[in-house]
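**Student:** Have a look at this one.
The values are calculated or read from the model by the stated rules, or taken from the named source; none is laboratory data. Not measured: the values here are computed from a predicted model. Every residue, glycine as well, gets a Cβ built from its backbone with ideal geometry; the counts of neighbours run over all protein chains shown. Surface areas here come from the heavy atoms of the whole protein model, side chains and all, with no ligands, DNA or RNA. Shrake-Rupley method; radii C 1.70, N 1.55, O 1.52, S 1.80 Å.
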Amino acid sequence: MNDFLLSILLGIVEGLTEFLPVSSTGHLRIVEALCHLNLHDSFWKMYTIVIQLGAILALPVYFWNRILKFLSTFPNGERGDRNILTHPLSLTMVAFVVTALPAWALTKVIGKNLESLWVISLALLIGGIVMWIVDAIFTRVRVAHMEEMSLPQAIWIGACQILSAVFPGTSRSMSTIAAGQIVGLSRPAALEFSFFLSMPTMAVATLYDLYKTLKPSRDTISEGGIAPLAVDAHGWIVLAIGFVVSFVVALVVVAWFMRWVRARGFAPFAIYRIVLGIVLIVLLMRGSI
């Protein structure tokens, strides 16, 4: 496939799946297998980081007004009932810290051995079942808006997000949304907090990957790091296409998803995960991929 068309395809896949609870890692791994592409190749490893950055940028652009509102009301909150630990921005950072260190440590130990299609297919299937059950059972809303969340709820959601770092295919969005619903968040509140939590989580993880890619040490090379790249004009165009496509598609998906969740549940995404997981398992058993 032409590199430009491939860049558009991968940018669309990243933009579509990064913030939906269906696992962007899983979908990129599937495309890699179907297109016989090695995303661990030096250039394509760099490319996946670039398109993730494009997707990340969509969040602060979409939530710009909410971010400014939170900054202007810190630390007491709009209603004056928050403090430095319970303000939405503080809760976001607390959840991020709860996730960051354990996820980093566990990923270094076992994560590099789990990016197989078998693990991804099982994570898609099991995660879909869990998500469907949670969406059907935990319907009692105690927290209608992100501004009403408590510190224990933020810690719980951050802890659950570790699963997505350790098991590719679980989906960061699925983990945080389901965790939020379990502790009484409404669907829109759980989704919005998931988006806010993804900003520092994805930014730090992606920038760390970028650092390892551009300035690898002896340790990072042994862990799959790559040497600094000499990108030609063709490569820069491929990177730019992927970045722009990922950003635009992700921005549209975030806006659509917020509207969708206010009127409907997450069951269709759970069903999609279950079907995709089963299809992958069948294809793997047949040796088709």
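**Student:** Sort out for me the helices (runs of 4 or more DSSP H) sitting completely within region 87-198 that have 1 or more residues that are out of contact with any helix residue (DSSP H, G or I) (no Cβ under 7 Å at 6 or more places or on another chain), within 30 Å of residue 284 (Cβ to Cβ) and not aromatic (Phe, Trp, Tyr).
**Tutor:** 88-109, 117-137
**Student:** Let me ask something else. How many residues are buried (at least 19 other Cβ atoms within 10 Å of the Cβ) and closer than 11 Å to residue 47 by Cβ when one looks only at region 240-252?
**Tutor:** Of the residues in region 240-252, 4 are buried (at least 19 other Cβ atoms within 10 Å of the Cβ) and closer than 11 Å to residue 47 by Cβ.
**Student:** Now for a separate question. Across region 258-273, what is the number of residues that are over 17 Å from residue 138 (Cα atoms), surrounded by fewer than 17 Cβ atoms within 10 Å (Cβ to Cβ) and either in contact (Cβ under 8 Å) with a residue 24 or more places away in the chain or touching a strand residue (DSSP E or B) at 6+ places or on another chain (Cβ under 7 Å) (or both)?
**Tutor:** 3
**Student:** Return the residue satisfying two criteria in turn: it lies in region 115-142 and is charged (D, E, K, R) and under 19 Å from residue 188 (Cα atoms), and of such residues it is modelled with the lowest pLDDT.
**Tutor:** This residue is 140.
**Student:** Does region 10-19 include one or more residues that are within 17 Å of residue 239 (Cα to Cα), open to solvent by 20 Å² or more (accessible area, probe 1.4 Å) and small (Gly, Ala, Ser)?
**Tutor:** No - not one qualifying residue is present in region 10-19.
**Student:** Among residues belonging to region 59-75 that are polar (S, T, N, Q) and exposed (fewer than 14 other Cβ atoms within 10 Å of the Cβ), point out the one that is farthest from the chain's Cα centre (by Cα).
**Tutor:** Per the criteria, the residue is 72.
**Student:** Another question, if that's okay. Has region 278-288 got at least one residue that is of a type in the set (S, T, N, Q) and either touching a residue at least 40 places away in the same chain (Cβ under 8 Å) or part of a helix (DSSP H, G or I) (or both)?
**Tutor:** No: zero hits.
**Student:** For the structure I just gave you, tell me whether residue 37 is at pLDDT below 95, of a type in the set (A, V, I, L, M) and not in a helix (DSSP H, G or I).
**Tutor:** yes
**Student:** Within region 193-216, can one find any residue that is at pLDDT 90 or above, among the basic types (Lys, Arg) and surrounded by fewer than 23 Cβ atoms within 10 Å (Cβ to Cβ)?
**Tutor:** Within region 193-216 (the criterion being at pLDDT 90 or above, among the basic types (Lys, Arg) and surrounded by fewer than 23 Cβ atoms within 10 Å (Cβ to Cβ)), the answer is no, since none of the residues qualifies.
**Student:** Kindly indicate which of 31, 22 is under 24 Å from residue 175 (Cα atoms) and surrounded by fewer than 19 Cβ atoms within 10 Å (Cβ to Cβ).
**Tutor:** 31
**Student:** Looking at region 5-25, which of the residues that are part of a helix (DSSP H, G or I) and β-branched (Val, Ile, Thr) is nearest to residue 253 (Cα to Cα)?
**Tutor:** Among those that are part of a helix (DSSP H, G or I) and β-branched (Val, Ile, Thr), it is 17.
**Student:** Restricting the search to region 127-170, which residues are of a type in the set (Phe, Trp, Tyr) and surrounded by 22 or more Cβ atoms within 10 Å (Cβ to Cβ)?
**Tutor:** Listed by number, the list holds a single entry, 167.
**Student:** Can you name the number of the only condition in (1) surrounded by fewer than 17 Cβ atoms within 10 Å (Cβ to Cβ); (2) of a type in the set (A, V, I, L, M, F, W, C); (3) more than 15 Å from the chain's Cα centre (by Cα) that residue 183 fails?
**Tutor:** (1) is the only condition that residue 183 fails.
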